[in-house]
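The block underneath contains the structure these notes are about, expressed in structure tokens.
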Amino acid sequence: MLNVIESGGAFNFSDENQEKIKTILAKYPDGRQRSAVMPLLYLAQAQNGGWVSSEAVEKIAEILSLPRIQVIEVATFYTMFNLKPIGRYHVQLCGTTPCWLRGSDEVMRACKDMGLEKGKSTDDMLFHLTEVECLGACCNAPMVQINDDFYEDLDYDRMTAILKALKRGEVPPPGPQNGRQASAPEGGPLVLRDMVPAAADKE
Amino acid sequence: MPKLTINGKEIEVAPGSTILQACEEAGVEIPRFCYHERLSVAGNCRMCLVEVKPGPPKPQASCALPAADGQEVRTDTPMVKKAREGVLEFLLINHPLDCPICDQGGECDLQDETMAYGRGAKRYDENKRAVTEKNMGPLVKTIMTRCIHCTRCIRFSEEVAGVTEIGAIYRGENMQITTYLEQAMESELQGNVIDLCPVGALTSKPYAFNARPWELIKTESIDVMDAVGSNIRIDARGRDVMRILPRNHDDVNEEWISDKTRFACDGLLKGRLDRPYVKRDGKLVEASWAEAFAAIKDGISGLDGSRIAGLVGDLNELEGTYAFRELLKNLGSSRIECRQNGAAYDIRQRASYLFNTGIAGIEEADFCLLVGANPRHEAAILNARILKATRHRGLKVANIGPALDQTYAVEQLGDDAAILSDILAGKHPVAKKLAAADRPMIILGEQALARPDGAAILKAGHDIAEKFGLMSLDWNGFNVLHSAAARVGALDLGLVCDGGVEGILADAASGALKAVFLLGADEINPSRLADCFTVYIGSHGDHGVQQADVILPAAAYTEKPGHYLNLEGRVQLANRAVFPPGQAREDWTIFRALSAEIGPAPLPFDSINDLHSALYEALPHLADVDVRPQAQWGDFGSDGAVARGPIPLKYIDFYQSNPIARASKTMAECSAVKRQKMEATGTHG
């Protein structure tokens, strides 16, 4: 038998999420509530430690009066729903061309050296590594997404530092890791510098 | 009416037709895998590509393209030929070439279309995709590597069966057809996905590796597993029925049959009575026909006709039932009963026990009131028609009686038969809905009529039909739902008596009755027949033989030609596919021979033609073969208050409802799976 989804014990949405579900369902016209299957799956995944269990699928089917098979169809179609338990920090490493040209292989090497394996969780269930396609942060390449945060402008040392910090239980500040602001040019502005007095002074 | 040309031939088609339908009308064959005329259009196999002008200069999928005025369609150009070859080459990239070990071989769409439209060679040398097999229950076998993702089975389970249990998980090349967590399917119509599957991905589990289509003798016949009278094809090899397939009949079963119809046929080989038996010293021993007849003669000698009664079973054809009636009439008895379910049918008016609206008529209705009926189990094919009407025609269904899952939305009015009186008095909100509906219909279930006040319920149904406009010149919305194939025919023959089955059993226990003849009557508890001389005539050693003093082996439904009346009163003719086993004989020949032995005079027919003449004289409407009768309306039922209280819809196991199904191993497996599921979910009984 194909192991499509794992069982994770009894599942019910938390009180807080029950409220969220009400808001989500209200967004759809009457009789179209089944469209909420994806937001609900995402909510269940967040509540359930990063993955959706078969009990969660059954709960969602019950809430939306959908056949269970249709919920699992959606859950298996999208790669961002995890149907098996995964490590606490889900490291999604971008390997698409811009990141690759900017050294995503080095970032991958850092992950490997820290014991992460592509498509697998570490034995201590702390990390889970997936290689993904473009996450839309090419101007800060190479980058990874860890749970809900982007870590950008990485290289071997910076990635190692992030993973080590996470291992220590710290949460390194997300965003560019080379000190620049968002995706502004490295080393300060390059154009319209006369509009920024500080930059003009530097000249 | 769009007018278009197909391969240079001009044709006018109905508005809303697709190009594929237009081509079919013009007699041009379009190969297809995913398109099916009774399912929604998916347009994903791309096999039906044609060239259409005006339009983009590339092939178009004809199944999803509406026919429009002035189109020029070509199916014979090099572009179309190349497109078809390309599609087949793509489909065969991952389809295994295991036709020699595939059960679909010989009746496979992919095989046929590859021969007709394929390239003959492929250019793809890489490995084929392999897919694990899926469990779908005891009926459908899966070899999912063969699946070409046409999604017919998914669409069927949602649109026709009404129980969405098949789906496609993952995507792209990794897409796999499966049920949720590979649980067994629940639908009573699941076997139809075997017919729908254009390749050998879904095949019949009980029939696996049993026969090839070309070695089977095919006989067109009529099903007896329920009262729908589904049109079937019986495929036999030698003396064994190998499988049963549906035949198309738009007014009855479309092209579906229930799982019981399809898979109970292995019960025809098990538990059969293949020789007469006579009880000697409290034990049934094998006997010859002459000994059995002599024992019957002994058993009833000197008995007055009023001390003899007969019970007719659920699966009998009209010929045997008629001969049975004549035999007992000869003996002076007119106490013959066919209502094994105890329902209070009124035989004064034919309209009172027919499904007057007709099965196809359900699609015209806009409001349907179920009273104590469970169509999903009592007539699964009819239930599929109600589902179709609710989906496509906006039919609304309300129910009086226990709330059961009918696969469509049902407004539950409560489990209280007296709601009928409230409706009649205009006190119930449903009265307004009935009055507002253009074509309302009411379906009375047999278990509602089996209540002690069944005749009053029948009368209430009659009055509701008259009061709320269920009757008009071209519409009759009064319906009685039967579950037994023999019932309507037996009611036409007038086989009812005061007191019903219960009266006969009580009289047999008290000694008022001395002899009882059971013609395939197996749905009764025969323990009260212990002290009475009992003769059982039937095909299977089931409940009915428990107290039998003499057993006469008879043919089952696949082994005799005969007339059957379905629940609409439609006359249909069944044919013999195989011969009865051992010494078993057709029912009417048994009664003819027995009458010569026990007297007083032999029955007046020596051949099936003589019998048919007599039968047609008794029931002239039999001459209208395959026509839905327009029964005359009149007064029926009996006055009286409908008592408050629930309708005791006793649980009947769909898979175990008659002797053939009870003898079938496949049906026993289905029943076990269902029981297991019900126990797991706590919905038992």
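Every number in this text was worked out from the coordinates using simple rules, so none of it is lab data. These numbers were taken from a predicted model, which means no experiment stands behind them. Don't worry about glycine lacking a Cβ; one is built from the backbone with ideal geometry, like all the others, and counts go over all protein chains shown.
Annotations for the structure displayed:
- If you take all other residues with their beta carbon under 15 Å from the beta carbon of A:Ala110, and give Lys and Arg +1 and Asp and Glu -1, the sum is -2.
- Length available on full extension from B:Arg644 to B:Asp304: 0.36 nm per residue minus the Cα-Cα distance, which gives 118.2 nm.
- Modelled label reach - B:Ala593, point 7 Å along Cα→Cβ, the range B:317-344 residues with backbone N closer than 16 Å: B:320, B:324
- Packing-based ranking of B:9-16, B:653-660 yields B:653-660, B:9-16, ordered from highest to lowest mean Cβ neighbour count within 10 Å.
- Computing FRET efficiency as 1/(1 + (r/R0)^6) for B:Asp653 and B:Glu502, where r is the C-beta to C-beta distance and R0 is 22 Å, gives about 0.50.
- Measuring r between the beta carbons of B:Glu89 and B:Asp531 and using R0 = 51 Å, the FRET efficiency lands at 0.10.
- Projected label points at A:Tyr28 and B:Glu220, each 7 Å from Cα along the beta carbon direction, are separated by 4.7 nanometres.
- Label-point gap, in nm, between A:Glu58 and A:Asp123 - each point 7 angstrom along Cα→Cβ: 3.4 nm
- Annotation for the range B:72-126 versus the range B:518-542: alpha-carbon center distance of 56 Å.
- Averaged over peptide B:180-186, the number of partner chain Cβ atoms lying within 10 Å of each residue's Cβ comes to 4.
- Residue among B:Val131, B:Leu181, B:Cys108 farthest towards the positive dipole end of the range B:93-204, charges placed on Cβ: B:Val131
- Counting beta carbons within 10 Å around each of B:Arg146, B:Arg644 and listing the fewest first gives the order B:Arg644, B:Arg146.
- Rounded to 5, percent antiparallel among DSSP beta bridges of chain B: 55 percent
- Overall Cα dimensions of the protein assembly as shown, principal axis frame, Å, largest first: 131, 64, 59
- Chain A: most fluctuating residue of A:Lys20, A:Lys120, A:Lys59 per GNM, C-alpha cutoff 10 Å: A:Lys20
- Mean separation of Cα contacts under 8 Å (6+ apart) over length of chain B, as relative contact order %: 15 percent
- Estimated from the Cβ-Cβ distance and a Förster radius of 25 angstrom, the FRET efficiency linking A:Glu131 and A:Ser7 is about 0.35.
- Label sites at A:Arg88 and B:Thr5, each approximated as a point 7 angstrom past Cα along Cα to Cβ, lie 7.6 nm apart.
- Ordered by the count of other Cβ atoms within 10 Å of each Cβ, fewest first, B:Thr77, B:Thr203 give B:Thr77, B:Thr203.
- Placing unit charges on the Cβ atoms of the charged side chains and taking the dipole of chain A about its Cα centre, the candidate lying farthest along the positive direction among A:Thr97, A:Thr76, A:Leu126 is A:Thr76.
- Sorting B:569-578, A:24-33 by their mean Cβ neighbour count within 10 Å, with the most densely packed peptide first, gives B:569-578, A:24-33.
- Only lysines eight or more places from B:Lys283 in sequence, or on another chain, were considered; those with a Cα closer than 25 Å are B:Lys270, B:Lys297, B:Lys514.
- The value of relative contact order for the range B:3-76, using C-alpha pairs under 8 Å at least six residues apart, is 42 percent.
- Crossing angle, helix B:587-598 versus chain B [Cα axis fit, 0-90 degrees, rounded to tens]: 20 degrees
- Projecting the Cα positions of B:Ser306, B:Gly541, B:Tyr651 onto the charge dipole of chain B (unit charges on Cβ atoms of Lys, Arg, Asp and Glu, taken about the Cα centre) puts B:Tyr651 furthest along the positive direction.
- Using alpha-carbon coordinates, inclination of helix A:15-26 to the longest axis of chain A, degrees: 90 degrees
- For the range B:467-564, the alpha carbon positions stretch 52, 36, 19 Å along the principal axes, listed from largest to smallest.
- Partners for A:Lys27 among lysines (Cα-Cα distance below 22 Å; same-chain residues under 8 apart left out): A:Lys59
- Chain A: relative contact order in percent, alpha carbon pairs under 8 Å with at least 6 residues between: 15 percent
- Chain A: most fluctuating residue of A:Gln70, A:Gln177, A:Gln47 per GNM, C-alpha cutoff 10 Å: A:Gln70
- When B:Lys81, B:Lys459 are arranged by Cβ crowding within 10 Å, least crowded first, meaning fewest neighbours, the order is B:Lys81, B:Lys459.
- For the range B:93-204, the extents of the C-alpha atoms along the principal axes are 41, 28, 23 Å, listed from largest to smallest.
- Straight Cα distances below 27 angstrom link B:Lys122 to the lysines B:Lys58, B:Lys81, B:Lys82, with same-chain residues fewer than 8 positions distant left out.
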